[in-house]
Structure formats: structure tokens, C-alpha cells
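To keep things clear, I will list the structure first and then write my remarks on it.
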There are 2 protein chains.
Amino acid sequence: MYEFREKPAPVVKPGEFVFAVIGLNHGHIYGMCRGLLEAGATLKWVYDRDRKKMEKFCQTYPQAQMAASEQEILEDPEVKLAAGCEIPYLRCALGIRVMEAGKDYFCDKAPMTTLEQLGQAREAVGRTGRKYMVYYSERLHVEAAVFAGYLIEEGAIGKVYQVTGFGPHRLGSEPRPDWFYDQQKYGGILCDIGSHQIEQFLFYTGAKDARIARSQVANYAHPEHPDMEDFGDAQLVGDNGASQYFRVDWFTPDGLRNWGDGRTFILGTKGYLELRKYINIAEEPKTSNCVYLVNGDGEFRYDAAGKVGYPFFGQLILDCINRTENAMTQEHAFKAAELSIRAQMQAEKIFPV
Amino acid sequence: MYEFREKPAPVVKPGEFVFAVIGLNHGHIYGMCRGLLEAGATLKWVYDRDRKKMEKFCQTYPQAQMAASEQEILEDPEVKLAAGCEIPYLRCALGIRVMEAGKDYFCDKAPMTTLEQLGQAREAVGRTGRKYMVYYSERLHVEAAVFAGYLIEEGAIGKVYQVTGFGPHRLGSEPRPDWFYDQQKYGGILCDIGSHQIEQFLFYTGAKDARIARSQVANYAHPEHPDMEDFGDAQLVGDNGASQYFRVDWFTPDGLRNWGDGRTFILGTKGYLELRKYINIAEEPKTSNCVYLVNGDGEFRYDAAGKVGYPFFGQLILDCINRTENAMTQEHAFKAAELSIRAQMQAEKIFPV
């Protein structure tokens, strides 16, 4: 059995690392803030075009001042980093404005929707020397996923040769905003929720690059939204020969007790891992962050919830302060985005047939 | 919750349906016999070139007479069906001899290794009017898999649109016969253990045909056998737009309490199923045949072991007697074989890179 490591502690004192929030178009912004705050960062500002969204945000984070404009935040020299959840196709332009204002950018996934945007982002990073980091939450903010990284590092399953990921999501009964159904605006299912999967593949296998061997999308059951993709999957082959299969969908049934039965299976030459990330179905009580390890020594279950923490956020803060790349390299963040866009671009539509 | 149906009872009385065994090259023959015997069939003969294998077989099934030759069995008019586990590349030729002798053939999977053999088998079936049935045991002889078929039939998950299957197998420490490492003789990993997966895809989705969208194989960790494929996977798209991903490997770790953590995930428009077929890892006591259902009504676990039985065998016996196709159509058996061979033929070798 492997032991849990000590949970990460805050890395800065109040006021030492100030950040702001721009763009509240996805609930992920709450997780992004929580992660940064737990690591010691100080939240100063929030801005969104929609005042109602700002007011709601300030109920959770009353320390945030409502800015009158994005510019007010960008002009504040105290702000070192801006975290943003714009609508996906606007995320890159926001990031460039943030970086041009001399601040690092922490963007919700997917961080962009086209290769052209990616080129602009790469150029702006080079020109400004700022960071364009991405909240790939399904690894960075899931204790099972963090713990899996530790187990691999410690050799628990040998050399990782394949990663299989399932990313089912609940569509929900509340109406989604219009952009959710507009592929130009949200990027498509593989670019959007697929980006989590591709990032995990690169991380767990250590591949620096990969090719999209095959990708496809479908609309199996939502003819009322003909452009919607309710299912997508892809096979990737890494530059080190490791491979990935992932599938994502919007079919989480109403009877599931949470938003999605996300799983990651990591195959190694000496064993394998299964992460039941958000729920262990049909098990009482509702459990999350279950990590299963099978190797030469036996079958093991680790309940990682509350035991591991989220080292990414403190590392990110220190990276911003020290100009290092311990949380995530810029190239990794961009490569996952690039492959997500390519998977989307290459996708064959298989249904309706 | 759905109820278990009544388990199938024997369909014939002793002596009413006589079968023989030819070829003992894989342990599957024991399962094939057990299934037929439980359904009421009578085992009369066994033959293999290797007398030691016959003697071992007769310790389990003492009612079987050791034949002096295959011919002795083929000439016995009492024998209605011959069940055989030849080396894969010889299975088709045996089947043709069996059918030409006027008997039905029950073959271990994979039932053949080339499209040329498949053409010969199709021709012989047409000419003789006999059956060339296949023991796709990972569905036919697994109660979780049988029960999943019932649940789908009863509408528990809506329309099935995707099947994901994992077929890890243990290589084992005992030396494998030479043919195991000779692709010409065993057919390759996708043709061999992949055939189970493809058969399940056709069955659960109702697809009558499919194309291999992508397939690949690798040798990640067995350089001492350079031709060995220790991993393979594939994506199929059915003629009805449903799709499949499956992966198979020879990496079951020594610490797993059984030979492989086989899983099947069946996605429908109204819910999904997960089958933990042979083991529920890290759970005490060791459990098999766990069926998980998530749909609009909730999350459910069914322990199918011992509750479902194996209707295939009785149906096969009656099909042989009545010349019907209730157990499995000839076209289904051949289509799964064809696609397995095509997946193998199209496979890209991704490792060594």
C-alpha cells in the first residue's frame, strides 16, 4: 500500500498574491477561485458584463469588489493574475488583453476554440512573457486524479502505456445559454469537455505531443438542436507510443446522484489504476475520489477524498511569483488545447447516419 | 428495479442430443461442454491428436469415449454436433469436415483467422445446410452479460448507442504453446480475444454490419517475443450509427484474484450499464457478474451470479434439432468473425515506435 502525502498548505500570506476575476460564464470560476484562495491568494476584483452574475458571485466571495469595467482591473498594478470564464470563443482575446496588461492569465478550459486563436496566444505569451494557464479541473481539482499522479510517479503500475477516460456530463433541465448550442462559440464537444481528457493523457503518459488517430461526434438524441453534439470520442497516439481513448457525452441520467460518472483507467506495464472520480455508483453512502490500484501486490482501494488536496494552485502562485513552470508548463497547457481543437476539426459525424 | 427471469432448464432428455468433442487446444472446451451438458446434451466422444490432453479431459468428463481418430466421430450418425477447440488457424478446416459429415459445428472463438477461411466456411454452410456456431463466451457464458441483454430488451437504458469493452487477459507464468506467439496460427490479438468484444457490440446495439473506423496493436513490454501483440484496441461504427470502442491486452497483474477484469459499458439514450464481469476489484468477498444500471430511476446494482443461467446452450440444441436460429444467427456469428479479422488486418502497429 502507498501512503497519502501531506496535503499542500497555503504558499503565500494574505495580500502577497492578488488576483482578480473577469468573466463569469461558467460555474468553473467558483472552483478556480476556491483553489487559489485555499493556496493563499487574495481576491480583489470581479468583473462581468452581466451585473447579476457579479452580484451572485459576491454572495460567495464578498471580498471581491465589483469593478466598473475590465479596464479597471487591467490597470490595477496590484493584480498579478486574472482568472476568467469567458464564453469559450472569447477566452483567447481576453487572455491576450490580460497578458498585454502585464498580468498572468488563468483560463477555464477549453482555453480557446481555434488554431488561429492558439497561434495568437502563443505569440502573445512570447511577446509579453506572461502565462496563459488553464483550469483542466478534471485532473487539477480532483483528489483521485492528483493521487493517481503520485502513484504513477512512485512506480505503482510501471510504465503507463494507455489511458482510457470517460467524461459523461449532465445536460440538466435548466435552459443552457444560447452559446452552448453554437459550435462556433463553445468549440464543440471534443474541444470543450474533451480537453480535460487530452490533458490527462499527456500528463499521465508523459507524452509531449500526440496525433489524433481518430475522432468522431454524434447527435444521438437531441434532434431539436441539430448542431448539438451529445456524444464524441477519440483515439490519440502519443509521441512515445502510448495511446488514449476517451469518450464524452451529455447523457448523464437523472437518476445519478451527481453530474457525471467520470472515470479514468490508466494502464501500465506493471498494473493499472481506475479512478471513480465523482461517484462510486450504487454504493452507499455516495462516495467520490475512489482510486483502485491493481498490480503485482494485489487489489487496493484508496479513498482519496479529503486526503490529498490540490497542489496545482500553490504551485501556480509560486510559478507566477518566481517565473517557474512547476504547476504546468506553458507548452503542456497549449498542447492539450491544440489537440482538443484538432480532435474536433478532424471529427467525423457518425449520427444521424 | 428489474427482476431476474427464471433460469433456463435442460431442453432435451439424456440421449436425445448427442455431441462429440474434437480438438482440446484451449481450456474453453471445458466451458463449451459444461454449457451443452447443463442444457441436456449427451457427450459421447472426444478426440485430440494429443492423448494426454484426452486423458485429462476424461478426468473431468468420464462419459466421453476416447476416439481413435477424428474420422471415427465423423462417421458416427448418432453425433449431431461436434464442439471443437482446434488451434485457431485450423478451426475452419475442421468445421468444414464436420459440416461435410452432416453435423453441426460449435467452434471456439475466434472461429477462423482469415477472410479466405471465412469465404470457405460460408460456402460450406450454404452447401451442407449445417451450422457453424461460435462460442463467444464473454457474452454467452457470463451471467452479467446475459442479464444485460434482458435489461436492454426491457428498455432499461433506452436505445443503445455505444458499447465500450475492456478485455484484459493474464498471460500467466506457465509457458504458452508455440502457436500462441505465431500470428499466422492464432490470428492476432484483435482477431482472437477481440472477437468477443465485437460480437457483444453487434448483439447489444443490434447492428447488422459495421466498419472498422480505426484499429491498432502494440507490443509494449514483451520484446522477447517481437511478434507478440500485448495490446490492441479498435473503434467500430455500426450500420445503425452506434459505435464501439474496445481494448484487449495481456497485462492482467499477478495481484488480481482472477484472470482478468473484464468490463462492458453499454450506453443508451436513457441510461447506461456497467458489467463487472469476472471480478469487482478490491471488493470482499471476490464477486463476479455485477451489473450496474443507472437510468432515470436511480443507481442499481444486480448480483447476477447464479441467478441468470445461460440460455444460449439450450437454444443452440433446439436450433440444431429444429433448424431454427434462436441462439444466434449464422450471419451474426460470421459477421463478428469477419469484423475481427478486418480489425486485425487494418491494425496499425503503434509500439515499438
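What does the charge count around B:Phe231 come to, taking other residues whose C-beta lies under 10 Å from its C-beta (Lys +1, Arg +1, Asp -1, Glu -1)? Walk me through the intermediate numbers first.
On the way: positive: B:Arg247; negative: B:Glu229, B:Asp230, B:Asp233, B:Asp249.
Taking every other residue near B:Phe231 into account, the sum is -3.
Using a 7 Å projection from Cα along Cα-to-Cβ, the label point at B:Ala9 is separated from the same position in the remaining copies by 7.3 nm, smallest value first. For the residues B:Arg211, B:Arg247, B:Arg276, a GNM of chain B with alpha-carbon springs under 10 Å puts the largest fluctuation on B:Arg211.
The HN-Hα couplings worked out from phi for the stretch B:173-189 by the Karplus form 6.51 cos²θ - 1.76 cosθ + 1.60 (θ = phi - 60°) are 8, 6, x, 7, x, 4, 5, 4, 9, 10, 4, 4, 8, 9, x, x, 5 Hz, whole numbers, x standing for Gly and Pro. For the stretch B:13-29 and the stretch A:1-21, compute the distance between their C-alpha centroids and round to whole Å. What the calculation gives is 66 Å, centre to centre. Counting only the Cα atoms, the stretch A:1-145 fills a convex hull of 124 Å³ per residue.
Electrostatic bookkeeping for A:Arg5 treats Lys and Arg as +1 and Asp and Glu as -1; over the other residues with beta carbon under 13 Å from its beta carbon, the sum is -3. In terms of overall dimensions, the C-alpha atoms belonging to the stretch A:125-178 reach 46, 41, 20 Å along their principal axes, ordered largest to smallest. Only lysines eight or more places from A:Lys349 in sequence, or on another chain, were considered; those with a Cα closer than 30 Å are A:Lys109, A:Lys185, A:Lys208, A:Lys277, A:Lys335, B:Lys159, B:Lys208, B:Lys270, B:Lys335, B:Lys349.
Please report the orientation-averaged projected area of the stretch B:131-213, defined via the convex hull of its C-alpha atoms, in nm². Before the final figure, lay out the partial values.
Working: hull surface 30.4 nm².
The directionally averaged projection comes out at 7.6 nm².
Database remark: amide H of B:Ile279 closer than 5 angstrom to the amide H of B:Gly262, B:Asn289 (H placed geometrically; neighbours at sequence offset of 5 or more, or on other chains; Pro and chain starts carry no H).
Scale the Cα Rg of chain A by the rule-of-thumb value 2.2 N^0.38 Å and send over the ratio, two decimals. Write out the running numbers ahead of the final one.
Values: Rg = 19.7 Å, N = 353, 2.2 N^0.38 = 20.4 Å.
Ratio of Cα Rg to 2.2 N^0.38 Å: 0.96.
When Rg is the radius of gyration of the Cα atoms in the stretch B:226-353 and Rh is its Kirkwood radius, what does Rg/Rh come to?
So for the stretch B:226-353, dividing Rg by the Kirkwood Rh gives 1.01.
The residues packed around A:Gly119, meaning those with a beta-carbon under 15 Å from its beta-carbon, carry a net charge of +1 if Lys and Arg are +1 and Asp and Glu are -1.
Whole-Å semi-axes of the stretch B:223-270's equivalent ellipsoid, largest first, each the root of 5 times a Cα gyration tensor eigenvalue?
28, 18, 5
The shape of the stretch B:51-108 comes out oblate: with a ≥ b ≥ c from the C-alpha gyration tensor, a/c is at least 1.5 while a/b does not beat b/c.
Candidates B:Met228, B:Ala242, B:Val217 compared by Cα position along the dipole of the stretch B:207-266: farthest toward the positive end lies B:Ala242, with charges placed on Cβ.
Take the alpha-carbon positions of the stretch A:1-83, form their convex hull, and give its projected area averaged over all directions (one quarter of the hull surface) in nm². Write out the running numbers ahead of the final one.
On the way: hull surface 26.0 nm².
Convex hull of Cα atoms, orientation-averaged projection: 6.5 nm².
For chain A, modelled as a GNM whose springs connect Cα atoms under 10 angstrom apart, the maximal fluctuation among A:Glu123, A:Glu16, A:Glu174 occurs at A:Glu174. The stretch A:298-348 and the stretch B:78-134 have their alpha-carbon centroids 53 Å apart.
Going by how many other beta carbons lie within 10 Å of each one, how would you line up A:Val18, B:Val291, fewest first?
On the way: A:Val18 19, B:Val291 28.
Starting with the residue having the fewest Cβ neighbours, the order is A:Val18, B:Val291.
Quick one: order B:Ile212, B:Ile198 by neighbouring beta-carbon count within 10 Å, fewest to most.
On the way: B:Ile212 21, B:Ile198 31.
Ranked by crowding around the Cβ, least crowded first: B:Ile212, B:Ile198.
The charge dipole of the protein assembly as shown, taken about the Cα centre with unit charges on the Cβ atoms of Lys, Arg (+1) and Asp, Glu (-1), comes to about 40 debye, rounded to the nearest 20. Relative to the globular-protein estimate of 2.2 N^0.38 Å, the Cα radius of gyration of the stretch B:183-236 stands at 1.28.
For the protein assembly as shown, report the % of Cα-Cα distances exceeding 43 Å. Pairs farther apart than 43 Å: 30 percent. Amide H to amide H, with H built 1.01 Å from N, A:Phe351 comes under 5 Å of A:Asn219, counting only residues 5 or more places away or on other chains. Distant-in-sequence amide contacts of A:Ile22, defined by a placed amide H-H separation under 5 Å and a gap of 5 or more residues or a different chain, comprise A:Tyr47, A:Ala83, A:Gly84, A:Cys85.
Can you show me the helix-derived [θ] at 222 nm for chain B, built from DSSP H runs with n ≥ 4 at -39,500 (n - 2.57) apiece and divided by the number of residues, rounded to the nearest 500.
On the way: 12 runs with 114 residues, N = 353.
Taking each H run of at least 4 residues, the total per residue is -9500 deg cm²/dmol.
Sort largest first and round to whole Å: the equivalent ellipsoid semi-axes of the stretch A:84-235, each the square root of five times a Cα gyration tensor eigenvalue. Could you put the intermediate results ahead of the total?
Details: eigenvalues 129, 118, 41 Å².
Value: 25, 24, 14 Å, ordered largest first.
Three principal axis extents of the stretch B:193-298 based on alpha-carbon atoms, in descending order, are 49, 40, 15 Å.
Per-residue Cβ neighbour counts within 10 Å put A:Val308, A:Val163 in the sequence A:Val308, A:Val163, beginning with the fewest. Of the residues B:Tyr220, B:Tyr204, B:Tyr186, the one that moves most in a GNM of chain B with alpha-carbon contacts below 10 Å is B:Tyr220. Rounded to the nearest Å, what's the spacing between the alpha carbon centres of the stretch A:247-297 and the stretch A:201-242? Just the number, please. A separation of 19 Å, based on Cα centres. Place +1 on the Cβ of every Lys and Arg and -1 on the Cβ of every Asp and Glu in chain B, take the dipole about the Cα centre, and give the residue among B:Ala336, B:Phe180, B:Ile73 whose Cα lies farthest towards its positive end. Result: B:Ile73.
Since every read-out is calculated from the coordinates, none of them should be taken as a lab result. Quantities reported herein were computed from a predicted structural model and do not represent experimental measurements. Methodologically, a virtual Cβ is constructed for each residue, glycine included, from the backbone with ideal geometry; neighbour enumeration extends over all protein chains shown.
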